[in-house]
Amino acid sequence: MSTERKAELAESLSEIRSRVMQASAPGTTATLVAVSKYKPASDIQACYEEGQRDFGENYVQELVDKAKELPEDIRWHFIGTLQSNKAKTLAAIPNLYCVQTLTSAKAATLLNNNLPETRTSPLNVLLQINTSGEDSKSGLNANEDLTKLARHIISDCPRLHLQGLMTIGALEQSLSGDDNADFVALKKTREFLQTELEKDGLLLSMGMSSDFEAALRAGSNIVRVGTGIFGARAKKV
Ligand SMILES: *Cc1c(COP(=O)(O)O)cnc(C)c1O
């Protein structure tokens with residue numbers, strides 16, 4: 001890796017971190033997940049050397065390959081669309097920390113049943129909610145599906161930890177600053193679910209490069225920032 005690239009990454013990471021701190025609720029700092037899809041392992045290593053530990057990836061095979069060559073104390077977050085037939089491969093990654101995009105009981109069971117025997121900590125899961133209702137976005141739409149999946153995890157998936165909810169949201173909403181309807185919708189959904197389950201403390205993963213500060217002001221606990229740290233991505237081929 002060139003010294004220029006290393007310095008550039010250190011600078012952008014440090015800037016995003018201080019913006020996350022500034023916008024986080026008083027007395028708290030949200031988790032910054034550095035979204036490294038399509039970016040080389042050397043970029044991730046450079047951020048790791050700056051103290052970053054949470055990284056997000058969208059593709060199972062890419063994550064498997066990167067996890068093999070990068071430090072084992074990285075906390076990997078899977079943030080891509082999860083196909084059930086890939087759940088087993090994903091679960092086998094020893095330092096997989098969280099699956100942020102769970103939408104089905106089938107995938108939940110497969111994750112639960114395929115975690116390595118040697119793994120002692122539960123796998124965190126977030127349920128993805130389609131707050132914008134767009135067909136192009138995955139995620140649960142109906143509250144009853146959400147409750148059903150949450151109950152399935154709690155009662156039938158002892159090795160999973162239901163940590164909260166995640167949304168991607170509509171592009172237009174990311175331009176609307178503090179009036180972001182997707183953030184409002186995700187918070188409402190959390191209220192609903194916490195009441196149903198008689199449980200509190202569920203976390204929210206919302207906010208990306210263009211809107212993470214608004215998301216934090218709206219109460220987000222986990223932001224996922226790619227472009228803001230690593231620069232623009234090449235289009236998928
Ligand atoms: C790619 C991606 C991100 C990061 O997007 P940026 O706009 O580059 O910050 C965040 N969340 C999900 C689910 C993504 O797929």
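The values are calculated or read from the model by the stated rules, or taken from the named source; none is laboratory data. Everything quoted here is computed from the prediction, not taken from an experiment. Using ideal geometry, Cβ is built from the backbone for each residue, glycine included, and neighbour counts are taken over all protein chains shown. In case anyone asks, the SASA skips ligands and DNA or RNA and just uses the protein heavy atoms, side chains included. Shrake-Rupley method; radii C 1.70, N 1.55, O 1.52, S 1.80 Å.
Projecting the Cα atoms of LEU9, HIS161, ASN113 onto the dipole axis of the chain, where Lys and Arg carry +1 and Asp and Glu carry -1 at the beta carbon, places ASN113 farthest toward the positive end.
Largest GNM mean-square fluctuation among LEU123, LEU165, LEU202, using the chain with Cα springs under 10 Å: LEU202. Rounded if a/c is under 1.5, else prolate if a/b is larger than b/c, else oblate: which is the stretch 3-230, with a ≥ b ≥ c the root eigenvalues of its Cα gyration tensor? Here the stretch 3-230 falls in the oblate category. Per residue, the stretch 3-230 exposes 47 Å² of solvent-accessible protein surface, assessed with a 1.4 angstrom probe and all protein chains in place.
Counting only protein heavy atoms and using a 1.4 Å probe, what share of the accessible area of the chain belongs to carbon plus sulfur, as a whole percent?
Roughly 50 percent of what the probe reaches on the chain is carbon or sulfur.
If you sort MET21, MET208 by accessible surface, 1.4 Å probe, largest first, the order is MET21, MET208.
In the structure shown, the pairs LYS6/LYS188; LYS39/LYS148; LYS39/LYS187; LYS68/LYS148; LYS66/LYS137 are assessed against 29 Å; a Cα-Cα span above that value is assigned to LYS6/LYS188; LYS39/LYS148; LYS39/LYS187; LYS68/LYS148.
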